[in-house]
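> Please find one structure pasted underneath; my questions will follow.
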Ligand code: AMP
């Protein structure tokens, strides 16, 4: 299996780039944020719970997120691999993902990190708010919190994969096509 963690702060372009990667490598795209938003739309119990965290820009608790992710992976028995977008976001999630993939005789192939400076992220999120309809993009206070949560809880996940020799950095500034080509080049080194 080719299992890629697409990593980066809010606004780095993970969703946009994931859509391109799935076509080229024939992977299943699992975005925990998208799954939570679908649950909010469907007014499920999980959606209601997730919303209370997402609206503030906080992380949904690990246990809830991990269980949801496992159940999504299990829905795709014949997948050639996955792009994990927005997951793992804590070291506990990374450890749980490793253990789960090991239990199905698989593992993470690599983490590709889209690196974008913080001032650029703020600009992108402000622009995205005009089209995304996402309440967590529209509120500057929530954006600040999401970036701060990223720095304190999620950034360490990069070290987790770096220690395993699996982290590859990709410059996330430039045109969407340029960034896609950099991602292809990084992934094609495997
Ligand atoms: P995203 O679409 O990846 O920007 O995620 C939007 C929001 O969903 C985040 O700010 C979190 O509240 C929640 N979320 C998404 N993925 C995770 C995760 N792996 N762990 C915890 N919360 C998450």
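> Can you tell me which residues in the stretch 111-126 are farther than 27 Å from residue 189 by Cβ and free of Cβ contacts under 8 Å to residues at least 60 places away in the same chain?
119, 123, 126
> Just to verify a result, which residue in the stretch 32-47, among those that are within 13 Å of the ligand (Cβ to nearest atom) and farther than 18 Å from residue 153 by Cβ, is surrounded by the most Cβ atoms within 10 Å (Cβ to Cβ)?
Ranking the candidates gives 35 first.
> Pick out the one residue from 50, 12 that is touching a strand residue (DSSP E or B) at 6+ places or on another chain (Cβ under 7 Å) and within 12 Å of the ligand (Cβ to nearest atom).
One residue alone meets the criteria, 12.
> Right, next: Condition first: more than 8 Å from the ligand (Cβ to nearest atom) and under 15 Å from residue 166 (Cβ atoms). Now tell me which residues in the stretch 55-98 satisfy that.
81, 82, 83, 84, 91, 94, 95, 97, 98
> Only one residue in 145, 181 is within 14 Å of the ligand (Cβ to nearest atom), out of contact with any helix residue (DSSP H, G or I) (no Cβ under 6 Å at 6 or more places or on another chain), on the phi < 0 side of the Ramachandran plot and not in a loop (DSSP other than H, G, I, E, B). Which one? Working first, answer last.
Numbers: 181 fails: within 14 Å of the ligand (Cβ to nearest atom).
Step by step, each of 145, 181 is checked, and only 145 is within 14 Å of the ligand (Cβ to nearest atom), out of contact with any helix residue (DSSP H, G or I) (no Cβ under 6 Å at 6 or more places or on another chain), on the phi < 0 side of the Ramachandran plot and not in a loop (DSSP other than H, G, I, E, B).
Here, each number is a calculation from the coordinates, and none is a lab measurement. Remember, it's a predicted structure, so these values are computed and weren't measured experimentally. Neighbour counts are summed over all protein chains in view; Cβ atoms, including those assigned to glycine, are modelled from backbone coordinates with ideal geometry.
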